[in-house]
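Remarks on the structure that follows.
No value in this document is a laboratory result; all are computed from the given coordinates. Given the structure is predicted, the values throughout are model-derived calculations rather than measurements. Counting neighbours? That spans all protein chains shown, and the Cβs are built from the backbone with ideal geometry, glycine included.
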Amino acid sequence: MRILIANTPLMCRESLALAVHRHNPDFEVMIADPASMDGGAERFGPHTLIRDDDGIEVGLQDGLVCWVGIIIDDHLKARISVDL
């Protein structure tokens, strides 16, 4: 499984990537700055995208089977979409 983590701030991206890798060492994890994602992220071909939740749904296409939108306000929340 390939997971692209593109949320803010950087510390959260790195922490999530480390946690995923520790629990699932066979997963490929890539972190990217959401403000400057380039073709490298697309060429990575992620199955899962973790990002900031801006209220816009991400279409599940091109191998993407799940996205997680993280909301940080008074509490940590998330919206998840899975294509089964």
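Observations
- Distance in nm between pseudo-label sites at VAL82 and ASP62 (7 Å out along the Cβ direction from Cα): 2.4 nm
- Taken along the Cα-to-beta-carbon direction at a fixed 7 Å, the label points for PHE27 and HIS47 span 1.0 nm.
- Taking amide H atoms as placed 1.01 Å from N in the peptide plane, the amide H of ILE71 lies under 5 Å from those of ASP53, LYS77, ALA78, ARG79, each 5 or more residues away in sequence or on another chain.
- Centroid-to-centroid separation of region 16-42 and region 61-84 [C-alpha atoms, Å]: 14 Å
- Of the residues VAL82, PHE27, ILE70, the one whose Cα sits farthest toward the positive end of the charge dipole of the chain, with +1 on the Cβ of Lys and Arg and -1 on the Cβ of Asp and Glu, is PHE27.
- The order of LEU10, LEU84, going from fewest to most other C-beta atoms within 10 Å of their C-beta, is LEU84, LEU10.
- Charge-dipole axis of region 8-54 as Lys and Arg at +1 and Asp and Glu at -1 on Cβ define it, positive-most pick from PRO46, LEU18, THR8: LEU18
- Dipole check for region 2-82: with +1 at the C-beta of Lys and Arg, -1 at the C-beta of Asp and Glu, and the Cα centre as origin, the magnitude is about 240 Debye.
- Mean separation of Cα contacts under 8 Å (6+ apart) over length of the chain, as relative contact order %: 28 percent
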